[in-house]
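Quick notes on the structure that follows.
The values are calculated or read from the model by the stated rules, or taken from the named source; none is laboratory data. Quick caveat, the model's predicted, so the values are computed rather than measured. Glycine also receives a Cβ, built like all others from the backbone with ideal geometry; neighbour counts cover every protein chain displayed.
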Amino acid sequence: MFSKLFVLCVVVAVAHGYSSGAPVDPEVCETLTPKHPASPQKRGSPYRIELDKTVVVPLENVGVTISSDADAFKGFIIQGRKEGENAPQGKFLTGKNPDVQSLSCGSDGSTVTHTSSTDKYNINLQWQAPREPGKYVILTTFVQSGKVFWVALPSPTISVVKG
């Protein structure tokens with residue numbers, strides 16, 4: 001009896017474990033892949049990552065919008081990186097957005113995730129460029145459901161240039 005109850009509790013925890021955001025896990029931070037019981041989608045994503053500018057100076061903010069016109073997303077993980085590297089770069093300024101929380105992937109604000117599994121069609125963020133000039137990209141994982149998700153979709157390239 002105890003083993004059946006334990007298995008049931010574990011299954012419920014796995015099924016509902018990420019409704020309040022991605023877990024703080026080094027593997028999730030590096031791969032941006034949710035620990036869901038399915039493989040990422042290979043077909044095209046219905047989601048967009050839009051930037052309000054693509055050339056900035058160090059520490060300048062870039063407006064980032066993740067959105068969809070038709071298909072809601074329930075969760076997301078978003079992180080800035082230097083092109084070709086795995087370490088998070090820059091910082092997301094979440095302000096008082098109730099749909100967003102910081103995830104500790106190396107440094108505060110380097111990665112953000114959702115706070116609930118409510119349907120989302122549009123999330124607006126500010127990403128503060130790092131001090132080091134170079135080419136950067138914002139990578140976003142979108143979760144439509146526990147078994148339907150797209151991993152590390154790239155934004156257009158952001159060039160951080162000397163001021």
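Just to be sure I understand the filter: pairs with C-beta atoms under 8 Å, separated by 6 or more residues or on different chains, first member in the stretch 26-40 and farther than 20 Å from Pro154 by Cα and touching a residue at least 60 places away in the same chain (Cβ under 8 Å), second member part of a loop (DSSP other than H, G, I, E, B) and of a type in the set (Ser, Thr, Tyr). Which pairs pass?
That search, which allows pairs on different chains as well, returns His36/Tyr18.
For the stretch 1-53: of the residues being of a type outside the set (D, E, K, R), modelled with pLDDT of 50 or more and more than 22 Å from Gln144 (Cβ to Cβ), which is surrounded by the fewest Cβ atoms within 10 Å (Cβ to Cβ)?
Taking the candidates together, the pick is Met1.
Please go through the stretch 82-108 and give me each residue that is assigned to a strand (DSSP E or B) and under 14 Å from Val64 (Cα atoms), ordered by number.
Lys91, Phe92, Leu93, Val100
Search the stretch 71-99 for residues being aliphatic (A, V, I, L, M) and surrounded by 17 or more Cβ atoms within 10 Å (Cβ to Cβ), and hand back the single one that is farthest from Ser145 (Cα to Cα).
Ile78
Is there a residue in the stretch 139-147 that is farther than 18 Å from Val28 by Cα and modelled with pLDDT under 95?
Looking through the stretch 139-147, none of the residues is farther than 18 Å from Val28 by Cα and modelled with pLDDT under 95.
Taking the stretch 109-135 as the region of interest, how many residues are more than 15 Å from the chain's Cα centre (by Cα) and either crowded, with 20+ Cβ neighbours inside 10 Å or small (Gly, Ala, Ser) (or both)?
Total meeting the criteria: 2.
Are there any pairs with C-beta distances below 9 angstrom linking a residue in the stretch 109-137 that is more than 13 Å from Gly80 (Cβ to Cβ) to a residue that is surrounded by 15 or more Cβ atoms within 10 Å (Cβ to Cβ) and of a type in the set (Lys, Arg), with the two at least 6 apart or on different chains, and if so which?
Final answer for the pair search is His114/Lys74; His114/Lys120; Ser116/Lys74; Ser117/Lys74; Thr118/Lys74; Asp119/Lys74; Lys120/Lys74.
Could you tell me whether Val56 is over 15 Å from the mean Cα position of the chain (by Cα) and over 14 Å from Leu139 (Cα atoms)?
In short, yes.
Check the stretch 77-94 and report whether any residue there is of a type in the set (A, V, I, L, M), more than 17 Å from Thr33 (Cβ to Cβ) and modelled with pLDDT of 90 or more.
For the stretch 77-94, residues of a type in the set (A, V, I, L, M), more than 17 Å from Thr33 (Cβ to Cβ) and modelled with pLDDT of 90 or more: present.
Between Ser102, Ser155, Ser68, which is buried (at least 16 other Cβ atoms within 10 Å of the Cβ), among the polar types (S, T, N, Q) and without any contact (Cβ under 8 Å) to a residue 12 or more places away in the chain?
Ser102
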